[in-house]
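Data first, discussion second: the structure below is written as structure tokens.
Readers should treat all values here as calculations from the given coordinates under stated rules, not as data from a laboratory. Because the structure is a prediction, the values reported are computed rather than measured. Ideal geometry is used to build each Cβ from the backbone, glycine not excepted, and the neighbour counts take in all protein chains shown.
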Amino acid sequence: MFLLRPLLFLALIPLLTTGCSRGSSSMMTTAPTMPVAPIPQLNAGCIGALQTGTAAYTDFTRQSPGVCRTLTAADMPAPNIPSSVNNSSTLVPRANNQMPQVPVGFTVQLYAVGLNNPRLIATAPNGDIFVAQSGGNSVVVLHGIDSNGMAQTTTTFASGLSAPFGIAFYPAGANPQYVYVANVDSVVRFLYQNGDTKARTAAQVVVQSLPNTGGHGTRTLVFTADNRMLVSVGSASNLTNTDTDKSETNRADVLAYTPDGTFLKIFASGLRNAVGLAVDATGIPWVSVNERDGLGDNLPPDYVTHLQEDGFYGWPWYYIGANPDPRLPLSHPELSQKTIVPDTLLQPHFAPLQIAFYTGSMFPSLYKGELFVASHGSWNRSVRGGYELLRVLLQSGKATGVYEDFMTGFVNPDGTVWGRPVGVTMGTDGSLFVSDDGSNSIWRITYTGS
């Protein structure tokens, strides 16, 4: 039997504040400024080595379940625009014997196969798994577990949607009345009673129009403790001068609505592509963000952070604090000190998508309250990375700045890719479900050790 024995690490990261100037025409610039960032506390959650500083930058050849990493703004290199590459993944079929790797004591099994571009997933109160199939313009329901660990039934809940992505039940609790679905250009809802596997009525349009001028097409939604509906809308571009280009209006934002679809406000801004949205046990919303590309392999970090209402996170003018993008004019110095440094910096270009808090009891107690993140994988790195499930470590509900490779192995030794995690949700039994639009599958992770 494997005994899970956490190692204790004290990661004391110095906070440096320096100034540097950049000309907007420079192609290679000096090192970024180091804004005040969160100090990782005692790390009692890692089951493997903790890598810090520049040693924490990684790629698929060094990703392994249980390895922990922490990055800070002080670790960021200078922008190096000429070094930026296009290294999109080559997707190949999964071999019959290929399985992802998880830490010792855990088991991963296939739960569903043959889906049509499965994206974000959500758990109904009765344990059914709702899957947004963006490619199929539908939502399907996976019900039950058979003797082989597979879903007993797969039923189409709703079709005729428009690139559906986010799914949420409302109100919270054992008996929600609606299933909300975020299309690329609207939000709709369906009447729902616990256990439904087919929509009772046609879709009711709640938000008539979401910005849809190209670019990032993922729309995620979550309900806050005070019953506001948050909807994320990614930017239309990698980088745009928003002073002159108005196509980014209400994009790179998280928008707030009433459950009936009345627009309330921009909840948070400067989030280039906020994809994952989740609310923790205290009611605080969290977000995963895909930062910009084109500044080099290791810049800037993607991130996961609690979301500050009315907060500004930098895009397009700054990143990770007061670090200006050298490709834009220095038009907004007033925003430099307003740009929030996120809680946990992840690897650049790893594309974190759905996030989910672990509140179950199947996994060992050290996982309770921690955050799992599906990483879809890079295209803008010379050696690809990501394509994994991450665990973001928290203490007393606060991010330590440390994250862990949890489920890896979707990249072949030759760099070809057979799986791409997108969604993650916790089952009612405490297992984790992970959607994978590379192999069009759903994976189920259980704890079987002691």
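The figures follow:
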{"quantity": "Average Cα contact separation per residue, the range 198-348, under 8 Å, 6 or more apart, as relative contact order %", "calculated": "17"}
{"quantity": "Around Asn298: net Lys/Arg minus Asp/Glu count, Cβ-Cβ under 9 Å", "calculated": "-1"}
{"quantity": "Cα→Cβ-extended label distance, 7 Å offset, between Ile284 and Ser147, nm", "calculated": "4.8"}
{"quantity": "Karplus-derived 3J(HN,Hα), 6.51/-1.76/1.60, for each residue of the range 373-382, Hz, glycine and proline x", "calculated": "9, 8, 9, 6, x, 8, 10, 10, 10, 5"}
{"quantity": "Gain in span if fully extended, Glu334 to Thr258, counting 0.36 nm per residue against the direct Cα distance", "calculated": "24.2 nm"}
{"quantity": "Pairs beyond 24 Å (Cα-Cα), from Lys368/Lys398; Lys338/Lys368; Lys265/Lys338; Lys246/Lys338", "calculated": "Lys338/Lys368"}
{"quantity": "Descending principal axes extents, the range 186-299, alpha-carbon based, whole Å", "calculated": "49, 31, 27"}
{"quantity": "In nm, spacing of pseudo-spin labels at Asn86 and Asn175 (7 Å Cα→C-beta vector)", "calculated": "5.5"}
{"quantity": "Calculated from backbone phi, Karplus (6.51, -1.76, 1.60) coupling profile of the range 254-264 in Hz, x at Gly/Pro", "calculated": "10, 9, 10, 9, 6, x, 8, x, 6, 5, 9"}
{"quantity": "Signed unit charges on C-beta, dipole axis of the range 276-390, positive-most listed residue Leu307, Val373, Ser361", "calculated": "Val373"}
{"quantity": "The range 363-420 shape via C-alpha gyration tensor axes, a/c threshold 1.5", "calculated": "prolate"}
{"quantity": "Order of Glu291, Glu309 under a 10 Å beta carbon neighbour criterion, fewest first", "calculated": "Glu309, Glu291"}
{"quantity": "Mean separation of Cα contacts under 8 Å, 6 or more apart, over the residue count of the chain: relative contact order %", "calculated": "19"}
{"quantity": "Given charges at beta-carbon only (K, R positive; D, E negative), |dipole| of the chain in Debye", "calculated": "200"}
{"quantity": "Estimated D of the chain in µm² per second, where Rh is the Kirkwood radius over Cα pairs and Stokes-Einstein applies at 25 °C, 0.890 mPa s", "calculated": "112"}
